[in-house]
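Chemist: Provided herewith is a single structure, encoded as structure tokens, for subsequent inquiry.
Each value in this text was obtained by applying a stated rule to the coordinates, not by laboratory testing. Predicted, not measured: the structure shown is a model, and the values here were computed from it. Here the Cβ positions follow ideal geometry from the backbone for every residue, glycine too, while neighbour counts run over all protein chains shown.
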Amino acid sequence: DASDIEKGTYPHYMLKEIDEQPAVMRKIIQMYQNEQGQLAIDSEIINAVKNSDRIYIIAAGTSYHAGLVGKQLIEKMAKIPVEVHISSEFGYNMPLLSEKPLFIFISQSGETADSRAVLVQVKEMGYPSLTITNVPGSTLSREADYTLLLHAGPEIAVASTKAYTAQIAVLAILAEVTAKSRGMEVGFDLTQELGLVANAMDVLCDSKELFEVMAREFFAVTRNAFFIGRGIDFYVGLEGALKLKEISYIQAEGFAGGELKHGTIALIEEGTPVIALATQESVNLSIRGNVKEVVARGANPCIISMKGLNMDEDSFVIPEVHELLTPLISVVPLQLLAYYAALHRGCDVDKPRNLAKSVTVE
Ligand code: G6P
């Protein structure tokens, strides 16, 4: 119950939950380790994943954005094709399914009605299902065949933060354990890399004053904002835009860097904030090309890059982590920027207008 959980010295649950992310990472590593210190997941679940020829991830809101990152992780590490769908669309717009689908429901609350409607449908069709949720005993957990828990602790703020990073971490572990059990080498030690992620998150959480200043510079008066990235950075940009919209009411959109020029660049005016993510070596130069295009039209650029890929003009440099795990780190500045933007604009951070923590109606 929300009233039972103390904010302690924090002014808002959202800030507390952002700060809890390093501890949640460490907790997840611990909870998903076997006695030999290796990452492990119940073999029934791993068999269900291995036996499927295509995974369908179903989710809403922030959990959908975590699903997009999860697709990359599962496809790159475990080499199983993955589709990611918005739950409210899936029911009446069902894609042609593969022969042996596995449905993965990602839901912080485990109560989202749109997702539950899909679960009911796929169960009737006889397909296996796995719920990844923060709430043991929640509807989606009880009704699916299998459950993986986030171990993030209660999330009270309407804007989801620690659940998003927990979802990505658990999806990474699922991908890794599946890959290993298929006899594949993932090429890095996920336990160790997640530990580095937790340390990097600590560094970011200790840089709050900087984000408060940046939020004032970029968001104090603006009407709109754009988040751009390529590949995995594009998906994180979608989440950054959602965070900003939810709590500061600034109209914000995430775009694939190369897609801007096909329409949206028309909206760039003198001073329009464009937040660009540059954490991927393969697209570092092209995303910077996109920044130049918007700057030429007057945009106020905020480049958040990863150490090793950074350049002089960047606004903030995040610590280096494995290239598949950058969303766990790059989202933290975006969460903090949204938080301070809302604060500067006098918005109710934890209880934004028109939104509910879990939406139990379709
Ligand atoms: C609501 C919340 C969002 C959340 C979405 C999905 O709209 O306001 O923050 O991402 O539901 O919630 P779930 O509990 O299924 O992850």
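Chemist: For the pairs K243/K307; K27/K76; K71/K208; K123/K162; K123/K351, note any where the Cα-Cα span goes beyond 27 Å.
Modeler: K71/K208; K123/K162; K123/K351
Chemist: Within the range 182-225, list the residues whose amide N lies under 11 Å from a label point set 7 Å along Cα→Cβ of K50.
Modeler: What the label zone holds, given the 11 Å backbone N cut-off, is 182-184.
Chemist: Could you give the size of the charge dipole of the chain about its Cα centre, using +1 on the Cβ of each K and R and -1 on the Cβ of each D and E, expressed in debye and rounded to the nearest 20?
Modeler: 420
Chemist: Further, regarding this structure: How big is the C-alpha Rg of the range 26-157 next to the rule-of-thumb value 2.2 N^0.38 Å, as a ratio?
Modeler: 1.01
Chemist: Another question, if that's okay. In whole Å, what is the distance between the alpha-carbon centres of the range 324-362 and the range 199-276?
Modeler: Each part reduced to its Cα centre gives a spacing of 12 Å.
Chemist: Next question. Report the Cα centroid-to-centroid distance between the range 102-177 and the range 16-87 in angstrom, as an integer.
Modeler: Each part reduced to its Cα centre gives a spacing of 10 Å.
Chemist: Which loop trypsin sites (Lys or Arg not before Pro) in the range 75-119, with loop taken from DSSP, have no more than 13 other Cβ atoms within 10 angstrom of their Cβ?
Modeler: The qualifying sites are K79.
Chemist: Could you pull the Cα extents of the chain along its three principal axes, largest to smallest, in whole Å?
Modeler: That gives 55, 45, 43 Å along the principal axes, largest extent first.
Chemist: Based on DSSP, what percent of beta bridges with both residues in the chain are antiparallel, to the nearest 5?
Modeler: Antiparallel bridges make up about 5 percent of those DSSP assigns within the chain.
Chemist: Report, ordered by chain and residue number, the aspartates and glutamates lying within cross-link reach of K100, taken as a straight Cα distance under 17 Å and ignoring same-chain residues fewer than 8 apart.
Modeler: Answer for K100, where 17 Å is the Cα cut-off: E44, D53, E75, E83, E124, D145, listed by chain and number.
Chemist: Quick one: P(r) of the range 74-219 from all Cα-Cα pairs, 5 Å bins, percents rounded to integers, in order of increasing distance.
Modeler: 2, 8, 15, 17, 18, 15, 11, 8, 4, 2, 0
Chemist: Right, here's the next one. Modelled label-to-label distance, E83 and D42, 7 Å Cα→beta-carbon offset: nm?
Modeler: 2.7
Chemist: Another question, then. Take every Cα-Cα distance within the range 154-282, group them into 10 Å bins from 0 onward, and report for each bin the whole-number percent of pairs it holds.
Modeler: Calculated P(r), rounded to whole percents: 10, 32, 35, 17, 5, 0.
Chemist: Sticking with this structure for a sec: Once a ≥ b ≥ c are taken as the square roots of the eigenvalues of the Cα gyration tensor of the range 32-71, is the result rounded (a/c under 1.5), prolate (a/b larger than b/c) or oblate (a/b not larger than b/c)?
Modeler: Here the range 32-71 falls in the oblate category.
Chemist: Specify the residue with the greatest mean-square fluctuation among S43, S315, S129, computed from a Gaussian network of the chain linking alpha-carbon atoms under 10 Å apart.
Modeler: S43
Chemist: Defining a contact as two alpha carbons under 8 Å apart and six or more residues distant in sequence, what relative contact order in percent does the chain show?
Modeler: 19
Chemist: Further, regarding this structure: If you place +1 on the Cβ of every Lys and Arg, -1 on the Cβ of every Asp and Glu, and leave all else neutral, what size is the dipole of the range 107-166 about its Cα centre, to the nearest 20 Debye? Present the calculation step by step, with values, prior to reporting the outcome.
Modeler: On the way: 4 positive and 6 negative charges, 20 e Å.
Magnitude of the dipole: close to 100 debye.
Chemist: Would you calculate a helix-derived [θ] at 222 nm for the chain, using -39,500 (n - 2.57) for each DSSP H run of n ≥ 4 and dividing by the full residue count, to the nearest 500?
Modeler: -13500 deg cm²/dmol
Chemist: With a 10 Å cut-off between alpha carbons and a GNM built on the chain, which of I265, I303, I28 moves the most?
Modeler: Checking each option, the largest mean-square fluctuation is seen for I265.
Chemist: What does the convex hull of the Cα atoms of the range 118-174 come to per residue, in Å³, rounded to a whole number?
Modeler: Values: hull volume 5.1 nm³, N = 57.
Value for the range 118-174: 89 Å³ per residue.
Chemist: Moving on to the next point. Among S87, S315, V135, flag the residue with its Cα farthest along the positive direction of the charge dipole of the chain, charges on Cβ as +1 for Lys/Arg and -1 for Asp/Glu.
Modeler: Projecting each Cα onto the dipole axis, the largest value belongs to S87.
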